[in-house]
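The values are calculated or read from the model by the stated rules, or taken from the named source; none is laboratory data. Everything quoted here is computed from the prediction, not taken from an experiment. Positions of Cβ are generated from backbone atoms using ideal geometry, with glycine treated the same way; all protein chains shown enter the neighbour counts.
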Amino acid sequence: MLHADFLRFLGFKGTRAQAVRQPAGYTRTTGPYGEVVDCDTLRCCHCSFSWEVVAGSGVQRGFCTRCMGYTCGSPSCMVCIPYFQRLDNVEHGRPALTPPPATVLVPGSALTRPRA
């Protein structure tokens with residue numbers, strides 16, 4: 001089986017039709033025989049991992065309804081801790097998977113009182 005046939009067997013197509021509605025990007029791969037394969041990519045909203053979208057690959061991915069973005073399927077990404085929150089945790093010396101602190105607004109407090 002030629003390399004291009006093998007890529008088609010895996011689900012890659014040489015056309016530029018989109019596999020998802022809003023891809024994070026796309027890759028263009030040139031094989032050893034000059035064939036060009038384009039694939040859409042997605043990015044995990046929790047760890048920023050990118051992957052090529054292959055329909056019917058059987059790889060379990062997820063979708064975070066809080067972030068409204070795709071997740072890579074890693075066990076550490078099943079809990080909603082956005083990527084920038086993880087960066088803030090590392091910068092402040094906390095473990096990367098520490099959830100964001102809760103914000104509580106009390107009516108009549110200094111934070112909710114209108115300024116004069």
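Per the listing T65, T41, the residue uniquely within 10 Å of the chain's Cα centre (by Cα) and of a type in the set (V, I, T) is T41. For the range 51-73, residues that are surrounded by 13 or more Cβ atoms within 10 Å (Cβ to Cβ) and either modelled with pLDDT under 90 or in a strand (DSSP E or B) (or both) total 12. Restricting C39, C44 to residues that are surrounded by 10 or more Cβ atoms within 10 Å (Cβ to Cβ) and closer than 27 Å to P99 by Cα narrows the list to C44. The single condition among (1) among the basic types (K, R); (2) farther than 17 Å from Q22 by Cα; (3) in contact with a Gly (Cβ under 7 Å, 6 or more places away or on another chain) that R94 does not meet is (3).
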